[in-house]
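What follows is one structure encoded as structure tokens, with my remarks underneath.
The values are calculated or read from the model by the stated rules, or taken from the named source; none is laboratory data. All of these numbers come straight from a predicted model, not from anything done at the bench. A quick note on method: Cβ atoms are made from the backbone with ideal geometry, for glycine too, and the neighbour counts reach across all protein chains shown.
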Amino acid sequence: MASVKTNKGREKMAKAHNGTAALPAIVTMVFGTGGVDGSGNPRALTGSESSLFTQVIQKTGAQVTKTFPNPYTARYTCTLDADVDSLIGRNINEAGLVDAAGDLIAIKTFTNKGMEARTIIEFDYDAEF
């Protein structure tokens, strides 16, 4: 698995710490099918990514639960339902966090999570500080 804060996310955090810009809230979780190479291994990430490789679904608002499992971790949680979300037959292998300005702030790639009929997967994305 690979996981990075994007360069855009790091830039926004630096400006917020410096007091020259506000830090937009994370409002969306995105998921895709382009996070693995031809052998099924998670793609390496550089931080320069501005979108998922192949986005297939996004979850926003009440679909994303926000918690703090400890003082240094913001956890974003949502559920993918293969039937409800029209994901049957797809392999989910990448996820990201998008802020209120529409910028991809963090991205991770992982091995395939096959979505079959009646498959429900809960995803946690931890942003650690």
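Can you pull out the residues in segment 41-66 that are under 22 Å from residue 79 (Cβ atoms) and either within 11 Å of the chain's Cα centre (by Cα) or assigned to a loop (DSSP other than H, G, I, E, B) (or both)?
Those that are under 22 Å from residue 79 (Cβ atoms) and either within 11 Å of the chain's Cα centre (by Cα) or assigned to a loop (DSSP other than H, G, I, E, B) (or both): 52, 54, 55, 57, 58, 59, 64.
Just checking, does segment 102-120 include any residue being within 15 Å of the chain's Cα centre (by Cα) and of a type in the set (Gly, Ala, Ser)?
yes
Restricting to segment 74-95, give me the number of residues that are in contact with a Gly (Cβ under 8 Å, 6 or more places away or on another chain) and either of a type in the set (Gly, Ala, Ser) or in contact (Cβ under 8 Å) with a residue 60 or more places away in the chain (or both).
4
Please enumerate the residues belonging to segment 1-48 that are in contact (Cβ under 8 Å) with a residue 12 or more places away in the chain and among the basic types (Lys, Arg).
5, 8, 10, 12, 43
Please work out which one of (1) outside any loop (DSSP other than H, G, I, E, B); (2) within 26 Å of residue 15 (Cβ to Cβ) is the condition residue 109 fails and give its number.
Here residue 109 meets the rest and fails (2).
Which numbered condition trips up residue 89, out of (1) within 23 Å of residue 129 (Cα to Cα); (2) touching an Asp or Glu at 6+ places or on another chain (Cβ under 8 Å); (3) loosely packed, with under 12 Cβ neighbours inside 10 Å?
Single failed check for residue 89: (1).
Test residue 122 against the criterion of being without any contact (Cβ under 8 Å) to a residue 60 or more places away in the chain, in contact with a strand residue (DSSP E or B) (Cβ under 6 Å, 6 or more places away or on another chain) and closer than 15 Å to residue 3 by Cβ, and give yes or no.
Criteria not met by residue 122.
With the requirement that a residue be modelled with pLDDT under 95, surrounded by 13 or more Cβ atoms within 10 Å (Cβ to Cβ) and part of a loop (DSSP other than H, G, I, E, B), what does segment 1-15 give you?
none
In segment 16-40, which residue that is of a type outside the set (A, V, I, L, M) and surrounded by 13 or more Cβ atoms within 10 Å (Cβ to Cβ) is farthest from the chain's Cα centre (by Cα)?
Only one residue tops the list, namely 24.
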